[in-house]
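The values are calculated or read from the model by the stated rules, or taken from the named source; none is laboratory data. A quick note: this is a predicted structure, and the numbers were derived from the prediction, not measured. Positions of Cβ are generated from backbone atoms using ideal geometry, with glycine treated the same way; all protein chains shown enter the neighbour counts.
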Amino acid sequence: MFKGLIERLTLITFTPAKAWMEIIKENPKETDVRNSYVFPFMGLIALASFLGALIFGQEETFNLNVQHAIIKSCITFVSLFAGFFLASFVLNELIEKFDQEKNLQRTQIFVGYASSILYAIDLVLELQLIPEFFFLQIFIFYTVYVIWESVGIYYTVIEERRVLFVAVTSLIVLAAPSLVELALNFLLPGVSGE
């Protein structure tokens with residue numbers, strides 16, 4: 001399972017156009033993409049969040065570090081999980097504005113793979129091995145390029161609307177998990193993962 005995840009991530013990272021062509025050729029089901037790519041990635045990120053908070057936690061006792069680590073990993077997982085479905089839903093609702101057919105399953109496949117860079121960077125940052133890695137967050141914007149490469153392959157948007165499509169889609173994919181995390185921290189202030 002993880003071998004396929006790493007291979008797909010590598011392909012999307014280094015040759016996104018080729019990756020999107022392979023995705024089209026494979027014609028995967030959304031459940032396969034969720035179960036073999038998106039959810040395992042989210043699980044790894046939650047595990048990394050737990051380990052990072054447990055090992056590098058600054059609570060007074062080990063028990064408080066464990067408690068903080070569990071809370072942080074839960075918030076991380078729920079943010080990514082709900083963010084994935086929120087982004088998929090919102091993009092699917094807006095997709096007709098770009099002369100594309102509404103298809104939630106197809107949109108979930110797109111959002112799952114388009115979020116690859118975001119997931120990979122989250123995985124590294126959540127481990128907290130080297131705190132100075134915060135600069136990696138700038139590479140989240142590589143997601144914009146991955147989405148740019150999908151146009152004409154996965155989605156056929158007319159050239160005049162390509163920039164708008166990429167901007168809107170990128171904003172949705174990148175903002176959804178953060179919005180869910182903000183909502184969780186607002187609604188549960190005493191349970192914050194930070």
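Worth pointing out:
- Of the listed requirements (1) crowded, with 16+ Cβ neighbours inside 10 Å; (2) under 29 Å from Tyr155 (Cα atoms), Asn65 misses just one: (2).
- Checked against (1) exposed (fewer than 13 other Cβ atoms within 10 Å of the Cβ); (2) modelled with pLDDT under 90; (3) of a type outside the set (Lys, Arg), Gly57 passes all but a single condition, namely (1).
- Those residues of the stretch 129-165 which are closer than 13 Å to Leu94 by Cβ and buried (at least 18 other Cβ atoms within 10 Å of the Cβ), in sequence order: Tyr155, Val157, Phe165
- From the list Ser79, Ser73, Ser88, the one residue that fits, being in contact with a Pro (Cβ under 8 Å, 6 or more places away or on another chain) and assigned to a helix (DSSP H, G or I), is Ser79.
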